[in-house]
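First the structure, in the form of structure tokens, and then the observations on it.
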Amino acid sequence: MRALQHTLFLFATLISLQAWGQDAEQQLLTEVYAADEERLTLYCQTPFKPEDRIRVERVYPQRTLLDHFGCDNARSCEMNADYLVIWNDLHQMFPITSSTSRLRRGTFIDDARLDEPNHECGFKTTFQTFEPSDHAKGDVARALLYLHDTYKVPLASRLNLLQEWNKLDPPDELEQLRNQRIADIQGKSNPFIDNPKLADQVVLEGFGF
């Protein structure tokens, strides 16, 4: 009986943790992006509605996060609360189009070393590299710096590049509003949006690109 109760408890916990991620995505699309004029995808600035078949991207590479926690795959980490807190942190979650999601899969954020964008939304892609559109570079940089600073996970790109993007694309009104709404939900804002100059004070301590 105890073994059965334990199994049922683990199953219920697993379902609850899986629902957490789904709830976070729904919360992002309905509460963080609360008004129609604010509902624009990150890379393409495509208008969307919560009921659209929009994708929610986590900018931090899942493989890097799994390796950080010693997990072979997502299933082996799905009971790890620390992993799930980071993976479902709204500060790193952004709406993107389905077509962009396919292009982003398996790539890392970096300089693609291309002279011109090779996609109409303004971003650049190569086999393993994704360089965001200029209007999104600061958003991505500040999200990655926040995750590194808050959770002490490896910095998922080159520090000097993220610092450069932070200056190239400073927080605009919509990013600041998004930051405040996430702070209202999670209880913590992204300090690199509150004060972008903090990015220049980041120093890598043993890990990162």
I need the calculated FRET efficiency for the pair T30 and R63, taking r as the beta carbon distance and R₀ as 30 Å, to the nearest 0.05. 0.55
The longest stretch of the chain containing none of the GluC sites (Glu not before Pro) that sit in a DSSP loop with at most 14 other Cβ atoms within 10 Å is 121-204
At q = 0.16 Å⁻¹, base-10 log of I(q)/I(0) for the chain (Debye sum, equal scatterers on each alpha carbon): -1.12
Once the dipole of the stretch 70-161 is set up from charges on Cβ (+1 Lys and Arg, -1 Asp and Glu), the residue from the list S101, H135, H119 lying farthest towards its positive end is S101
How far apart, in nm, are two points set 7 Å out from the Cα along the Cα-to-Cβ line at R105 and at K167? 3.8 nm
Close Lys-Lys pairs in the chain, where close means Cα under 23 Å and separation is 8 or more or interchain: 12
Nearest-20 debye value, the chain charge dipole, Cβ charges on Lys, Arg, Asp, Glu: 700 debye
What chymotrypsin sites (Phe, Trp or Tyr not before Pro) does the stretch 50-147 have in DSSP loop regions with at most 12 other beta carbons within 10 Å? F127
Dipole check, the stretch 2-201, charges on Cβ (K,R +1; D,E -1), about Cα centroid: among Y60, Y146, W165 the Cα furthest to the positive pole belongs to Y60
Trypsin sites (Lys or Arg not before Pro) within the stretch 81-121: which are DSSP loop residues with at most 10 other Cβ atoms inside 10 Å? R105, R113
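None of the figures in this text is laboratory data; all of them are computed from the coordinates on show. Since we're looking at a predicted model, the values are computed, not measured. Note that each Cβ is placed from the backbone with ideal geometry, even for glycine, and that neighbours are counted across all protein chains shown.
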